[in-house]
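Have a look at the structure below before the remarks.
A short reminder: the numbers here are calculations on the coordinates, not readings from a lab. Keep in mind it's a predicted model, so treat the numbers as computed, not measured. Virtual Cβ from ideal backbone geometry, glycine too; neighbours counted across all protein chains shown.
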Amino acid sequence: MGPSGTGPDCREQEPAAGPGDAMRAALSALILRQSVSPKRMVAPGPGDDEIRAIMAMALTAPDHGHLQPYRFIRIADLARERLGFVFQEIRRRAEPDAEEAVLQREREKALNGPCLLAVVGRIREDHLKVPPSEQYASVGAAVMAVLVAAHLLGYGAIMLSGDRVRDPLLGAALGMSEVEELVGFITIGTIARPPSPKQRPAQNDILSTWEGTPASDGRRG
Ligand SMILES: Cc1cc2nc3c(=O)[nH]c(=O)nc-3n(C[C@H](O)[C@H](O)[C@H](O)COP(=O)(O)O)c2cc1C
């Protein structure tokens with residue numbers, strides 16, 4: 001019985017065969033999700049309908065107060081080169097003596113991977129009930145939802161940032177407002193070369209059970 005004595009403890013539940021099987025199969029597939037470098041991707045990326053499905057999934061992110069503290073900007077194919085020049089300009093300003101080969105690599109970073117989505121955070125610092133930490137949690141959940149949706153559609157995806165996302169030049173180029181921040185970019189594409197399977201950390205590192213007694217390790221209080 002569970003802690004209240006009224007129901008089964010979640011540790012005791014046996015997976016039963018039934019309608020939940022399809023969901024369990026989906027979960028097994030999702031647990032295999034891992035990030036795929038843009039260099040391992042080729043075209044095509046998701047089409048318009050798939051992007052809509054991915055955004056529908058993003059909108060399932062938990063969102064305290066319905067503040068919608070995130071939005072996505074799809075970078076049009078024709079705008080990728082322009083984005084590359086913005087990357088180059090950021091590098092050039094930071095490193096005025098940078099060689100052309102270095103600048104070219106910066107430009108090329110904007111071209112990697114078939115589909116590019118900018119992730120924009122819209123955090124309300126002064127909200128009376130929902131602190132920024134909860135809003136950032138919502139942004140992260142939306143990012144994960146996009147990665148999961150891409151994976152379920154059979155694509156590889158990855159979230160990348162880098163120092164340049166905090167450069168005002170990039171935010172201005174993408175038409176972001178002063179109160180918005182660029183969290184990074186999600187690249188989505190067809191997996192050409194799958195990455196080697198990833199070993200995840202032990203579950204004991206992230207799950208413990210509190211039995212109702214104070215911890216005695218002195219971490220708090
Ligand atoms: C907001 C955010 C920004 C990230 N930026 C980078 C980055 O710039 N470079 C990088 O190598 N990984 C970055 N990562 C981590 C990768 O997206 C990815 O999680 C990591 O490579 C582990 O892969 P996995 O998703 O298969 O566990 C970022 C993750 C998040 C959530």
Counting only Cα atoms, I'd like the Rg/Rh figure for the stretch 101-166, Kirkwood definition for Rh.
1.08
Where the Cα pairs of the chain fall when distances are cut into 10 Å bins, in %:
7, 24, 29, 23, 11, 5, 1, 0
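Can you compute the helix-only [θ] at 222 nm over the chain? Use -39500 (n - 2.57) per DSSP H run of at least 4 residues, normalise by all residues, nearest 500 deg cm²/dmol.
Details: 6 runs with 75 residues, N = 221.
Value at 222 nm, helices only, nearest 500: -10500 deg cm²/dmol.
When 151, 66, 127 are ordered from fewest to most other Cβ atoms inside 10 Å of their Cβ, what list results?
Least crowded to most crowded, the residues run 66, 127, 151.
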Helix 132-152 axis, angle to the chain major axis (alpha carbon atoms, nearest 10°)
80
Taking H as built 1.01 Å from N, whose amide H comes closer than 5 Å to the amide H of residue 70, not counting residues under 5 places away?
122
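How long is the gain from residue 153 to residue 92 if the chain were fully straight, where each residue apart is worth 0.36 nm and the alpha carbon distance is subtracted?
Numbers: separation 61, 0.36 × 61 = 21.96 nm, distance 3.81 nm.
Gain on extension, residue 153 to residue 92, equals 18.1 nm.
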Within the stretch 100-146, report the trypsin sites (Lys or Arg not before Pro) that DSSP leaves as loop and that have at most 12 other Cβ atoms within 10 Å.
129
